[in-house]
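Attaching a single structure in structure tokens format; questions to follow.
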Amino acid sequence: MKPFEYIPRDRGVHPPAYTPGYKTSVARSPRLPLLSLQNSLSEITGPTFGQGDLGPLDNDLIRNYAKTGDPVGERIVVHGRVLDENGRGVPHTLVEVWQANAGGRYRHVKDTYFAPIDPNFGGCGRVLTDEQGFYHFRTIKPGAYPWRNGVNDWRPAHIHVSVFGQAFVQRLITQMYFEGDPLIPRCPIAATIPDPKALERLIAPLDLNAAIPLDCLAYKFDIVLRGTRSTLFENRLEGN
Amino acid sequence: MPQTLDYLKESPSQTAGPYVHIGLAPGAAGFSIFERELGQDIAGPNAEGERIRVEGVVTDGTGAPVKDVLLEVWQADDEGRHPHPRDPRHAEVAEGFRGWGRIIPDFETGLWSFDTVKPGPVMGRHGRLMAPHITFWLVARGINIGLNTRLYFGDEEAANAADPVLGLIEQVHRRRTLIATREDREGRAVYRFDIRLQGEGETVFLDI
Ligand SMILES: [Fe+3]
């Protein structure tokens, strides 16, 4: 068996735990250092998913909750690839998404924003990547919404994205933003990412070539998960 | 200029936010959309081993329960095998054992619980056995990048004492933060595992 060990996480591309501009993080951030652990079998394995876990409409947010017709809003396709740090596609991995409706309202018992609930929009979907790591889903463009942080803070339009990869160490939740949104540089949550170059990697460009004429615009969003190290001369980590 | 290394950088993490349940556990968000919600059954009906319950509360730096947390767990079966192709013994795992679960607390109290089988010891690095443990991953509003930790079992004293990961925790008293206490309730083992994000008794979180 080939040895598997993941490239240690570069914490510099991620937000630190404590980011006072995002107030909720203040009481929810560990203050003591994380304990660094070399990978063992518990970390290089992780849950696996198959088509049997999903339904046929799971990646179509325009249809998967429709009751009386299509949801209101700008119809879009989001497509891209899940890759690892070595540039290899991550096959058969689960991508889950959730988002507000076109008015910026979530279908959640705890969301009390007065923009209306859309009776035809659930706001969540999921898809497995193909053999080469490609995925796509269809949805409507989410609206911006206000949130309680500063008195007048607004979230840019965004889609929440959860990805598994092939090992529990690759588990990642992030958010996809939309090219050209003037709220991105004003968002305290986007600003938790210290490096502006890293934040740019969460902004999906408009991709007219993937648009469906007279139907849907398209955005392209690639997601990079941690990659395995090339352990050319090491012993297998599970012991010998 | 030397040649460039063409590695990509991992996508930066962003908080799961307050509405994480919509995407990962829509039932908890108050609606039904998927035929099957994922992560509801960790061990399945066929796995051997002791059936246990694990429960706890995640608290923040002020001591308040984190009621909107979402936890995921990953574990081996009772013989220390993972249902994953990289585990040399994965073919022996019982049909239906997923080893993975998603846990949502009660939104009023923050108390969460899940049922599973107690895992067996797992082979660690350099042929050193690791004490039975469950890997945890926590996300919530205000948590910018998912937090990893491990649960160990209070009734595995000898194995815990020899565990190579617990042994790495320099402040010996902090090892306690990873050890769940066992109680027998109506004939079944219930392990209590509280997680403290910050402050007095802060849980040891792992960079895995
Ligand atoms: Fe959001």
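The values are calculated or read from the model by the stated rules, or taken from the named source; none is laboratory data. Quick caveat, the model's predicted, so the values are computed rather than measured. No Cβ is skipped: glycine too gets one built from the backbone with ideal geometry, and neighbour counts run over all protein chains shown. These area figures cover heavy atoms from the full protein model, side chains too; ligands, DNA and RNA do not enter into them. Shrake-Rupley method; radii C 1.70, N 1.55, O 1.52, S 1.80 Å.
Under the 0.36 nm per residue contour assumption, what length would be gained going from the current alpha-carbon distance of B:Q40 and B:A189 to full extension?
Full extension from B:Q40 to B:A189 adds 51.7 nm.
For chain B, set up a Gaussian network in which alpha carbons nearer than 10 Å are linked by springs, and say which option among B:D115, B:D87, B:D77 fluctuates the most.
B:D87
I've got another one for you. Write down the accessible area per residue of chain A in Å², having rolled a 1.4 Å probe over the full set of protein chains.
43
Taking amide H positions as placed in the peptide plane 1.01 Å from N, state which residues far from B:I52 in sequence (5 or more) or on other chains have amide H under 5 Å from it.
B:T116, B:V117, B:K118
Would you tally the net charge around A:D58, using a Cβ to Cβ cut-off of less than 14 Å, leaving A:D58 out, and scoring K and R as +1, D and E as -1?
Net charge in that neighbourhood comes out at -1.
Please check: in the Gaussian network model of chain B (C-alpha springs, under 10 Å), which one of B:D106, B:D184, B:D60 has the largest mean-square fluctuation.
B:D184
Here's a follow-up. What percent antiparallel are the DSSP beta bridges of the protein assembly as shown, to the nearest 5?
In the protein assembly as shown, approximately 75 percent of DSSP beta bridges are antiparallel ones.
Another one. Using a Gaussian network model on chain A with a 10 Å cutoff between Cα atoms, which of A:R186, A:R31, A:R107 fluctuates the most?
A:R31
Calculated from DSSP H runs of 4 or more alone, at -39500 (n - 2.57) each and per residue, what is the 222 nm mean residue ellipticity of chain B, nearest 500?
-1000 deg cm²/dmol
What FRET efficiency, computed as 1/(1 + (r/R0)^6) with R0 = 30 Å and r the Cβ-Cβ distance, is obtained for A:S230 and B:E170, rounded to the nearest 0.05?
0.45
Using only Cα atoms, what Kirkwood radius does region B:76-121 have, in angstroms?
Radius from the Kirkwood sum: 12.1 Å.
What share of Cα pairs, in percent, lie more than 31 angstrom apart in chain A?
Within chain A, distances greater than 31 Å cover 29 percent of Cα pairs.
Would you work out which of A:I223, A:A100, A:L57 lies farthest towards the positive end of the dipole of chain A? Charges go on Cβ: Lys and Arg +1, Asp and Glu -1.
Positive-end residue among those listed: A:A100.
Sticking with this structure for a sec: Please list, in order, the residues from region A:79-101 whose amide nitrogen is less than 19 Å from a point placed 7 Å along the Cα→Cβ vector of A:D70.
Hits in region A:79-101 for A:D70 at 19 Å: A:79, A:100-101.
Just to be sure I understand: if I project the alpha-carbon convex hull of the protein assembly as shown onto a plane and average over all orientations, what area do I get in nm²?
23.0
Which whole-number percentage describes the relative contact order of region B:15-196, with Cα contacts under 8 Å and a sequence gap of 6 or more?
Worked out over region B:15-196, it gives 26 percent.
Given only helices, namely DSSP H runs of n ≥ 4 each adding -39500 (n - 2.57), what is the per-residue ellipticity at 222 nm of chain A, to the nearest 500 deg cm²/dmol?
Calculated mean residue ellipticity at 222 nm is -1000 deg cm²/dmol.
Classify region B:15-196 as rounded, prolate or oblate, taking a ≥ b ≥ c as the square roots of the eigenvalues of its Cα gyration tensor: rounded when a/c is under 1.5, otherwise prolate if a/b is larger than b/c and oblate if not.
Oblate.
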